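To start, the structure itself, in structure tokens.
The values are calculated or read from the model by the stated rules, or taken from the named source; none is laboratory data. Every value quoted in this text rests on a predicted model; they were computed, and no experiment measured them. As a convention, Cβ positions derive from the backbone with ideal geometry for all residues, glycine included, and neighbour counts pool all protein chains shown.
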């Protein structure tokens, strides 16, 4: 994905959609005060009479996401149980959240080269599918079992932290090409082992990693495990502190 007119248009349309969401909670006068834009201009944007230019769309996007964006929504629905875990079913199955996340990923990686999205089965698939669609690229999925009919695989074995359980991810060998620039996408980063395994699969394919994108990260211990080139970044929508059991 390179910076193109189509990419700019996507961002501008996404910003209008977010403005309409904000309008359900704020008046035009309140939004005017927060964005430093006249009420008449905001009204014309929200009604679809005119689109903001790319620079203004980016500015508006950054302001509006803090008011009604994805992070606010995630914090609203994350609830830990008494054992220190939370159910992510409502997150990975919520189309509105996934749609917002896909928009957020597009805005975050706008201008960066992404030719493919990679995730691990199974919970990461809904988010990665939406993100790949938003970026206009294909999706590759690393699975825990080899599929019949696939002639060759790249594989990566790792040990789940504190469990002693060994996991292996299998990726069809032709799923990622040497010239690909791959965005690793997952719904959640807990310990970082899965994301490291996905990065290693990209490197085994002799492709480049363009970054890592995740909705939620638990704590910060995982940061010690994920090593990326300086040109890459790990973008997390929201971070939550692990609950003591």
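Quick one: residue 88 ticks every box in (1) over 21 Å from residue 181 (Cβ atoms); (2) at pLDDT 90 or above; (3) touching a strand residue (DSSP E or B) at 6+ places or on another chain (Cβ under 8 Å) except a single one, so which number is it?
Checking residue 88 against (1) over 21 Å from residue 181 (Cβ atoms); (2) at pLDDT 90 or above; (3) touching a strand residue (DSSP E or B) at 6+ places or on another chain (Cβ under 8 Å), the one that fails is (2).
This table checks each residue for (1) in contact (Cβ under 8 Å) with a residue 40 or more places away in the chain; (2) assigned by TED's automatic domain parsing to the domain that holds residue 188; (3) outside any helix (DSSP H, G or I); (4) under 24 Å from residue 10 (Cβ atoms).
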position	(1), (2), (3), (4)
33	no, no, no, no
37	no, no, yes, yes
41	no, no, no, yes
44	no, no, no, yes
48	no, no, yes, yes
57	yes, no, no, yes
61	yes, no, no, yes
64	yes, no, no, yes
74	yes, no, no, yes
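Which one of the conditions (1) loosely packed, with under 14 Cβ neighbours inside 10 Å; (2) out of contact with any helix residue (DSSP H, G or I) (no Cβ under 7 Å at 6 or more places or on another chain) does residue 153 fail to meet, given that it meets all the rest?
Going through the list (1) loosely packed, with under 14 Cβ neighbours inside 10 Å; (2) out of contact with any helix residue (DSSP H, G or I) (no Cβ under 7 Å at 6 or more places or on another chain), residue 153 breaks only (1).
Residue 196 - would you say it is surrounded by 21 or more Cβ atoms within 10 Å (Cβ to Cβ) and in the same structural domain as residue 162 (by TED's automatic domain parsing)?
For residue 196, the condition - surrounded by 21 or more Cβ atoms within 10 Å (Cβ to Cβ) and in the same structural domain as residue 162 (by TED's automatic domain parsing) - is not met.
Could you please give the count of residues in the stretch 87-143 that are more than 24 Å from residue 16 (Cα to Cα) and without any contact (Cβ under 8 Å) to a residue 12 or more places away in the chain?
3
For the stretch 4-31, what are the residues that are farther than 24 Å from residue 137 by Cα and either in the same structural domain as residue 112 (by TED's automatic domain parsing) or within 29 Å of the chain's Cα centre (by Cα) (or both)?
19, 20, 21, 22, 23, 24, 25, 26, 31
Please determine whether any residue of the stretch 46-57 is surrounded by 12 or more Cβ atoms within 10 Å (Cβ to Cβ) and either within 18 Å of the chain's Cα centre (by Cα) or under 19 Å from residue 239 (Cα atoms) (or both).
No, every residue in the stretch 46-57 fails to be surrounded by 12 or more Cβ atoms within 10 Å (Cβ to Cβ) and either within 18 Å of the chain's Cα centre (by Cα) or under 19 Å from residue 239 (Cα atoms) (or both).
Name the strands (runs of 3 or more DSSP E) wholly inside the stretch 114-221 in which the number of residues that are within 30 Å of residue 11 (Cα to Cα) is 2 or more.
Fully inside the stretch 114-221 and qualifying: 116-120, 138-142, 181-189, 208-218.
For every residue, the table says whether it meets (1) closer than 21 Å to residue 88 by Cβ; (2) assigned by TED's automatic domain parsing to the domain that holds residue 120; (3) at pLDDT below 95; (4) surrounded by fewer than 21 Cβ atoms within 10 Å (Cβ to Cβ).
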site	(1), (2), (3), (4)
138	no, yes, no, yes
144	yes, yes, no, yes
160	yes, yes, yes, yes
172	no, yes, no, yes
180	no, yes, no, no
186	yes, yes, no, no
190	yes, yes, yes, yes
202	no, yes, no, no
222	yes, yes, yes, no
